[in-house]
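Visitor: Would you mind keeping the following structure in view while I ask a few things?
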Amino acid sequence: MAALPLSDPKFWVAVSFFVCLAVAWKPVILRIVRLLDARSERIRAEIAEAGRLRAEAEALLRDAKAKHEAARAEAEALLVHAREEAERLAKELAEATAATLSRREKMALDRIAAAEAEAAASVRAKAAELAVAATRRLVSEHLTPDRHAALIGRAIEDLSQRLH
């Protein structure tokens with residue numbers, strides 16, 4: 001075997017390559033590690049941001065569900081209130097209608113009673129007229145002047161007894 005080929009340029013190229021590689025190895029590796037660390041840090045930040053956004057979205061979803069439930073409960077309460085109000089108004093309307101009908105019935109009965117009283121008064125007046133007319137006719141037919149004088153005398157005598 002021959003001695004080390006120190007005069008061979010290939011040997012020195014190989015040695016200089018390995019020396020360059022050894023000298024450049026640490027900064028290159030550190031730069032690669034820094035780049036990888038920076039990339040992993042960006043990824044962690046994006047994951048953290050995604051987690052934060054997810055938490056916000058879940059909070060918004062919970063709020064929206066709560067608002068939806070509150071709105072639904074309020075709508076149901078309004079519906080129940082509207083039904084109660086409608087029932088109350090229907091009851092009031094029925095009562096008012098019954099009262100109006102009662103008043104009108106009483107007015108009609110009062111009118112009927114007034115008409116009956118008027119008719120009875122009219123019948124009495126007519127009966128009185130007929131009685132007076134019949135009495136006049138009977139008196140004029142059956143009362144003679146002597147009888148007439150006797151009746152007046154008796155009325156005068158009774159007058160003194162009736163006054164005491």
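Every number here is computed from the coordinates shown, using simple stated rules; none is lab data. What you see is a predicted model; the values in this text were computed from it and never measured. Reconstructed Cβ throughout: ideal geometry from the backbone, glycine too, with neighbour counts over all protein chains shown.
Visitor: Just Glu85, Glu141, Glu129 to compare: in a GNM of the chain, with alpha carbon springs under 10 Å, which one fluctuates most?
Guide: Glu141
Visitor: What FRET efficiency do you get for Asp146 and Arg124 if R0 is 35 Å and r is their Cβ-Cβ distance, rounded to the nearest 0.05?
Guide: 0.50
Visitor: Residues in the range 49-74 near a label at Ala86, defined as backbone nitrogen under 20 Å from the 7 Å Cα→Cβ point?
Guide: What the label zone holds, given the 20 Å backbone N cut-off, is 72-74.
Visitor: Also, quick follow-up: At 0.36 nm per residue, minus the direct Cα-Cα distance, what do Ile112 and Ala38 gain on full extension? Give it in nm, one decimal, please.
Guide: Extra length from Ile112 to Ala38 when fully extended: 15.9 nm.
Visitor: Pick out, from Ala117, Ile156, Leu6, the residue whose Cα sits farthest towards the positive end of the charge dipole of the chain, with +1 on the Cβ of Lys and Arg and -1 on the Cβ of Asp and Glu.
Guide: Leu6
Visitor: Let me ask you something else. Any idea what the dipole of the range 1-106 comes to, in debye rounded to 20, about its Cα centre with Lys/Arg Cβ at +1 and Asp/Glu Cβ at -1?
Guide: 440
Visitor: With the calculation restricted to Cα positions, what are the radius of gyration and Dmax of the range 8-57 in angstrom?
Guide: Cα-based Rg and Dmax for the range 8-57 come out at 21.0, 71 Å.
Visitor: Sticking with this one: With the crude spin-label approximation of a point 7 Å out along Cα→Cβ, what separation in nm comes out for Leu53 versus His68?
Guide: 2.2
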